[in-house]
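The values are calculated or read from the model by the stated rules, or taken from the named source; none is laboratory data. Given the structure is predicted, the values throughout are model-derived calculations rather than measurements. For neighbour counting, all protein chains shown are included, and Cβ atoms are generated from backbone atoms with ideal geometry for every residue, glycine included. Please note that ligands, DNA and RNA were not included when accessible areas were found on the heavy atoms of the full protein model with its side chains. Shrake-Rupley method; radii C 1.70, N 1.55, O 1.52, S 1.80 Å.
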Amino acid sequence: MHVLITGGAGFIGSTLAHRLLDRGDTVTAIDNLNDYYEVSLKEARLERLTVRKGFHFIKMDLVDEASLKVLFADNPFDAVMNLAAQAGVRYSIDNPGAYVSSNLVGFGYLLECCRHHQIKHLVFASSSSVYGANTKLPFSEDDPVDHPVSIYAASKKANELMAHTYAHLYGVPCTGLRFFTVYGPWGRPDMAFFKFTRMMLAGESIPVFNHGKLSRDFTYIDDIVEGVIRVIDQPARPDASFSSDQPTPAASHAPFRVYNIGNGCRVKLMDYIETLEDCLGVKANYEMLPMQDGDVHATNADISRLKAEFGFEPKTDVRTGLQAFVDWYRLYYQVPAK
């Protein structure tokens, strides 16, 4: 199978590429290598991939419509995994235009290419952020997601709506995956687990928002990728049980579906930090702060649908996952253990 991964130099994209190559697939990856976080880390991820048979990388931005059309014309892709997006909830508050360009315009161009080249399956990254102001836990795909609290979340909800429209109008099989707080080796430096590690090792105080009264469904990268692999292999189909009289966001008369992909359990932020302290052998200094704009108090994924339909079963507990990240971090940044 020939798979296109957009955002292929990213955290999830590069890890997914390795797994696809391991099983013998051909992978073409595109990425604009923007400087939202350190470009050297993206380049290091790519260095590990470019030496592998069957991997091809092209520096490209999704908003470059002309180049994207040439890419699809030159390559008979079987499936597309869209991970290219401007990430980050906080960044979206100050720079909303970046999200409109990449997450909306770029995704629209990608949908058009999938339509005109009869792509057998488009899988795209949505986010737990779409649940926005919802407080009923765990979050279910059947819940309405009409109250986003950040531009990032709104862009991801828009992606789901756009994909459904293409599935309905043009028969493009589309599956959206709502990722829940992904962490692990080769992760993103803008995420809390990465920032906390860097600051703790430097002896700096870490910012703890809402005075630590937050909880998250933390999901280890290998578990995420295992779920993505299972989904890619089974293109979306119309749901015969779908009722237009009582519609649910998770199903459709079109070849479209959306799933939560998380660990399925909630961990208190302070417990997460304490586990990180144990893994690092460093005690953190806390700077207790109020709630941030665009943030939510808790996330927790109902993953029963992904389990039932794909056999998805996350296997990595937080301690194991954080220790793996810490071991990678010390090796990559050459920080010896004390």
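Data for the structure
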item: Per-residue HN-Hα couplings for segment 112-124 [Karplus 6.51, -1.76, 1.60; θ = phi - 60°; Hz; x = Gly/Pro]; result: 4, 5, 4, 4, 6, 10, 6, 5, 6, 6, 10, 10, 9
item: Reachable aspartates and glutamates, given that their alpha-carbon falls under 20 Å from the alpha-carbon of LYS157 and they are not under 8 places away in the same chain; result: ASP94, GLU112, GLU141, ASP142, ASP143, ASP146, ASP217, ASP293, ASP295, ASP302
item: Pair VAL282, SER67: separation of 7 Å Cα→Cβ label points (nm); result: 3.7 nm
item: Tensor-based shape of segment 281-338 (alpha-carbon gyration tensor, a/c under 1.5 rounded, otherwise prolate or oblate); result: oblate
item: Length released on extending from ALA337 to PHE242, taking residue separation times 0.36 nm less the Cα-Cα span; result: 28.7 nm
item: Mean Cβ count within 10 Å, highest first, over the residues of peptides 153-162, 306-315; result: 153-162, 306-315
item: Cα gyration tensor, segment 29-103 - rounded (a/c under 1.5), prolate or oblate; result: oblate
item: Cα→Cβ-extended label distance, 7 Å offset, between LYS315 and ASP35, nm; result: 4.1 nm
item: Listed peptides 209-217, 117-125, 38-46 by packing density, highest first (mean Cβ within 10 Å); result: 117-125, 209-217, 38-46
item: Angle in degrees between helix 269-280 and the longest Cα principal axis of the chain, rounded to the nearest 10; result: 70 degrees
item: Those lysines that a straight Cα-Cα span of less than 19 Å connects to LYS42, excepting residues fewer than 8 apart in one chain; result: LYS59, LYS195
item: Gain on full stretching of the segment that runs from ASN210 to ASP190 - 0.36 nm per residue minus C-alpha separation; result: 5.3 nm
item: Pair TRP328, LEU169: separation of 7 Å Cα→Cβ label points (nm); result: 3.9 nm
item: Percent carbon-and-sulfur accessible area, the chain, ignoring ligands, DNA and RNA, probe 1.4 Å; result: 51 percent
item: The chain: angle of helix 221-232 to the longest principal axis, Cα-based, in degrees nearest 10; result: 10 degrees
item: Shape box of the chain [Cα atoms, principal axes, largest first, Å]; result: 56, 49, 38
item: Helix 11-22 axis, angle to the chain major axis (alpha carbon atoms, nearest 10°); result: 60 degrees
item: Quotient of C-alpha Rg and 2.2 N^0.38 Å, computed over segment 160-261; result: 1.47
item: Heavy-atom accessible area ranking, 1.4 Å probe, most first, across CYS113, CYS265; result: CYS265, CYS113
item: Solvent-accessible area per residue, Å², over segment 171-236 with all protein chains present [probe radius 1.4 Å]; result: 29 Å²
item: Residues HIS2 and THR135, FRET efficiency given R0 of 45 Å [Cβ-Cβ distance, rounded to 0.05]; result: 0.55
item: Built amide H within the under 5 Å cut-off of ALA84, gap 5+; result: THR6, GLY7
item: Sorted peptide list for 247-259, 58-70, criterion being average Cβ within 10 angstrom, highest first; result: 247-259, 58-70
